[in-house]
Structures are given as structure tokens and as C-alpha cells.
Amino acid sequence: MSGGRLICVAPAPAIDRLEEVEALRAGAIHRPVAVTTLPGGKGLNVARAAHRLGAPVTAVGFLAGHAGRWVEDALSGIGVSGRFTWVDGETRTCVSILDRATAELTEIYEPSPAVGAGDWDALLALLDETMASHAAATGDGTIVTISGGLPTGSPDDAFARVVATAHAWGARTLVDAYGPGLAAALVKHPWLVKVNATEAAEALGADSVGGPGAGIRDLAQALVERGAGNAVVTAGSSGSVLVGTGLELRLGPPPVRGRYPVGSGDAFLAGMAAGLAAGLGLGPAFFAGAGAAAANALVPGAGELDPDEARRLATRIALTSAGSS
């Protein structure tokens with residue numbers, strides 16, 4: 001399948017600010033030596049990274065207030081199409097502070113505006129309209145990504161309804177979520193779930209996967225048993241694993257370690273989604289995701305990457321094991 005389009009569902013967008021200081025000291029005044037400001041939050045990070053990788057992308061999500069208008073304008077300015085449901089309040093701002101002396105990050109994330117069942121009804125109607133326009137333009141081949149947690153006030157089944165809406169149009173769904181949103185999405189059998197090891201363990205419960213020391217392969221297999229068609233679990237320097245239909249792959253750690261890891265998980269999902277939209281199979285898309293994640297960590301700003309570097313790094317990531325699941 002080739003020529004597909006991406007729809008990135010973003011329930012909790014943000015203005016993302018990365019401020020770099022020479023040394024971070026509690027109680028002191030700091031003047032950043034570099035500032036990066038982006039339309040962000042996990043869903044929009046995926047949309048921007050996939051756009052950088054050459055995929056045709058539409059972002060669908062909630063925005064609010066003056067900050068929301070800035071996010072909409074900033075997305076448009078870089079060529080990412082967006083369709084949004086407007087809610088009360090103000091789109092959040094998330095700040096990451098990089099201490100260059102220690103390479104440590106301090107992160108301050110505001111809560112998203114509360115959204116209720118009626119807001120989700122409006123967003124799902126907007127998603128359905130977007131799916132219809134994509135189907136008319138390209139036929140099947142649409143891929144829908146869902147990222148992050150549920151904003152305050154959301155019904156627990158909101159992500160499940162997103163998956164069901166996408167499946168009704170024949171789309172493949174890629175879910176990178178946590179908490180009640182992930183649990184509900186699994187019931188609707190998303191095509192792929194991609195989470196980190198901590199998120200997987202929290203979703204599954206230690207007892208269901210052999211205790212707190214369970215490996216990432218066990219976590220991925222458990223996600224498949226809970227309803228995912230395919231599952232990717234990442235573990236930073238320990239690499240990542242894919243368990244899918246007739247396919248099991250494990251990749252080693254990234255070949256380089258950048259100083260900007262925030263957003264690497266979002267870039268991983270974007271790399272996989274862009275690869276699948278371009279016609280790659282699941283295995284090659286897994287490598288593409290790992291390359292995108294490594295490239296993200298090399299430049300400031302979550303979801304920012306050099307597409308050529310992402311492709312180069314994908315060829316340098318070691319396959320540590322492969323087999324049938």
C-alpha cells in the first residue's frame with residue numbers, strides 16, 4: 001500500500017519552549033543562551049516530524065484561546081494542515097530547561113484545558129469529515145495516529161471512539177497513549193501500539209507480564225494479547241522491540257546519543273507512520289521509526305529532525321534478534 005496520508009490526532013496540543021542555560025541554579029535569575037518555540041504536544045510533534053519526513057499530514061485536535069491561535073498559525077507557517085475543535089480556556093505551554101553544564105533537563109508541563117463529552121463529539125465529527133475527504137482524494141491508505149493522554153474531563157472511551165471512527169474508513173491506527181486512553185483503545189484492536197516500557201508496564205500491570213522485571217519483549221507480547229494488532233515497546237538505551245503478526249524484531253540502542261531526547265518517542269511514531277504511508281512494510285517502518293527517534297535527539301525541539309539524518313541513522317541501528325512471533 002502506498003500513497004497514504006496521515007491524520008495525527010492531537011488531544012493535548014501545547015506551545016513547547018526549550019530554554020537552554022549554561023547552568024541551572026535554584027532561586028537564581030537565568031538568561032537563556034538559546035530558545036526554541038514550537039507548536040507541540042505529543043500529537044503535533046508527530047505531525048511535524050512526519051511532515052519533515054515527507055508525509056502528507058493533517059493534524060486534528062483541540063485548541064483554545066490566544067495560545068491556540070498561535071499554534072494554528074505556526075503549524076500553517078511550516079506547511080502542516082490543521083483542523084481543530086475550539087474549546088474554552090487556553091492552550092497550555094510546556095517548558096523544558098536544558099542545563100548545558102550537566103545535560104540534565106527540567107520539564108514543566110501545564111495541564112491542558114478541560115474537554116467534555118460534547119467536545120469529543122465535535123472532534124470525532126471533524127475526524128470523520130477529514131477521513132471522508134482523504135478517502136475521496138486517495139482511496140484507502142490513510143493512517144491515523146493517536147498520541148498522549150486524555151485531557152481532564154474526557155470520557156475514558158474517547159480514544160476507543162477515535163480508533164473505531166478510523167477503522168470504519170478502513171484506516172490503520174497507530175496509538176502512542178497511556179492511562180485510561182490506552183486501555184480503552186486496546187479494546188478496539190488498534191493496528192499498532194507504540195509505547196515506552198514504563199507506559200506498557202503501567203497499562204498491563206506487573207502481575208500480567210511476569211513481575212516488575214519483565215522485559216520489553218514480554219511487554220510487547222502482552223499488548224498484542226490485550227488487543228493490539230502489533231506492538232512496539234521502546235526502552236531508550238536498551239533499544240526497542242516489535243512483536244507483530246508473524247514478525248518479531250529487536251533493535252539495539254541508537255547509534256548516537258543526542259542531548260535533546262524530548263520528543264524522541266513522538267519522532268519514532270512519526271517515522272513509522274511516514275514509512276507505512278510511503279509503502280514500507282512493518283519491519284522497514286520499525287527501522288525508520290528508530291532512525292527518526294535518534295535524529296530527533298540531535299537537534300533542539302521535540303519533533304524536529306533532519307530527514308536525511310533520520311534515514312542514515314536507520315541504516316546504522318543494529319538488529320539484535322529476529323524471529324516469528
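The values are calculated or read from the model by the stated rules, or taken from the named source; none is laboratory data. Only a predicted model underlies this, so the values are computations on that prediction, with no experimental measurement involved. Glycine gets a Cβ as well: all are built from the backbone with ideal geometry, and neighbour counts include every protein chain shown.
Values as computed for the structure displayed
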{"item": "Identity of the residue in the stretch 1-34, more than 23 Å from the chain's Cα centre (by Cα) and part of a strand (DSSP E or B), that ends up surrounded by the most Cβ atoms within 10 Å (Cβ to Cβ)", "result": "GLU20"}
{"item": "Filter result for the condition that a residue is without any contact (Cβ under 8 Å) to a residue 60 or more places away in the chain and touching a strand residue (DSSP E or B) at 6+ places or on another chain (Cβ under 6 Å), over THR165, THR152, THR145, THR173", "result": "THR173"}
{"item": "Which numbered condition ALA136 misses (of (1) crowded, with 18+ Cβ neighbours inside 10 Å; (2) modelled with pLDDT under 95; (3) not aromatic (Phe, Trp, Tyr))", "result": "(1)"}
{"item": "For VAL46: the one exception among (1) at pLDDT 95 or above; (2) closer than 21 Å to ASP128 by Cα; (3) surrounded by fewer than 18 Cβ atoms within 10 Å (Cβ to Cβ)", "result": "(3)"}
{"item": "ALA47 being touching a strand residue (DSSP E or B) at 6+ places or on another chain (Cβ under 6 Å) and closer than 16 Å to GLY303 by Cα", "result": "yes"}
{"item": "Answer from LEU269, LEU313, LEU298, LEU305 - the residue that is farther than 16 Å from SER238 by Cβ, modelled with pLDDT of 95 or more and in contact with a strand residue (DSSP E or B) (Cβ under 7 Å, 6 or more places away or on another chain)", "result": "LEU269"}
{"item": "Top-ranked residue in the stretch 296-317 [being acidic (Asp, Glu) and outside any helix (DSSP H, G or I); ranked as surrounded by the fewest Cβ atoms within 10 Å (Cβ to Cβ)]", "result": "ASP306"}
{"item": "Helices (runs of 4 or more DSSP H) contained entirely in the stretch 87-192, each with at least 1 residues that are more than 27 Å from ALA231 (Cβ to Cβ)", "result": "117-138"}
{"item": "Given (1) in contact (Cβ under 8 Å) with a residue 24 or more places away in the chain; (2) closer than 28 Å to ALA292 by Cβ; (3) of a type outside the set (Val, Ile, Thr), index of the condition ASP128 fails", "result": "(2)"}
{"item": "Test result for ALA67, in contact with a Lys or Arg (Cβ under 9 Å, 6 or more places away or on another chain), in a helix (DSSP H, G or I) and buried (at least 17 other Cβ atoms within 10 Å of the Cβ)", "result": "yes"}
{"item": "Residue among GLY283, GLY229, GLY244 that alone is at pLDDT below 95, of a type outside the set (Asp, Glu) and either over 15 Å from the mean Cα position of the chain (by Cα) or surrounded by fewer than 19 Cβ atoms within 10 Å (Cβ to Cβ) (or both)", "result": "GLY244"}
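Conditions (1) of a type outside the set (D, E, K, R); (2) under 25 Å from ALA166 (Cα atoms); (3) surrounded by 13 or more Cβ atoms within 10 Å (Cβ to Cβ), marked per residue:
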{"position": "TRP86", "(1), (2), (3)": "yes, yes, yes"}
{"position": "ALA101", "(1), (2), (3)": "yes, no, no"}
{"position": "GLU107", "(1), (2), (3)": "no, no, no"}
{"position": "GLU110", "(1), (2), (3)": "no, no, yes"}
{"position": "VAL144", "(1), (2), (3)": "yes, yes, yes"}
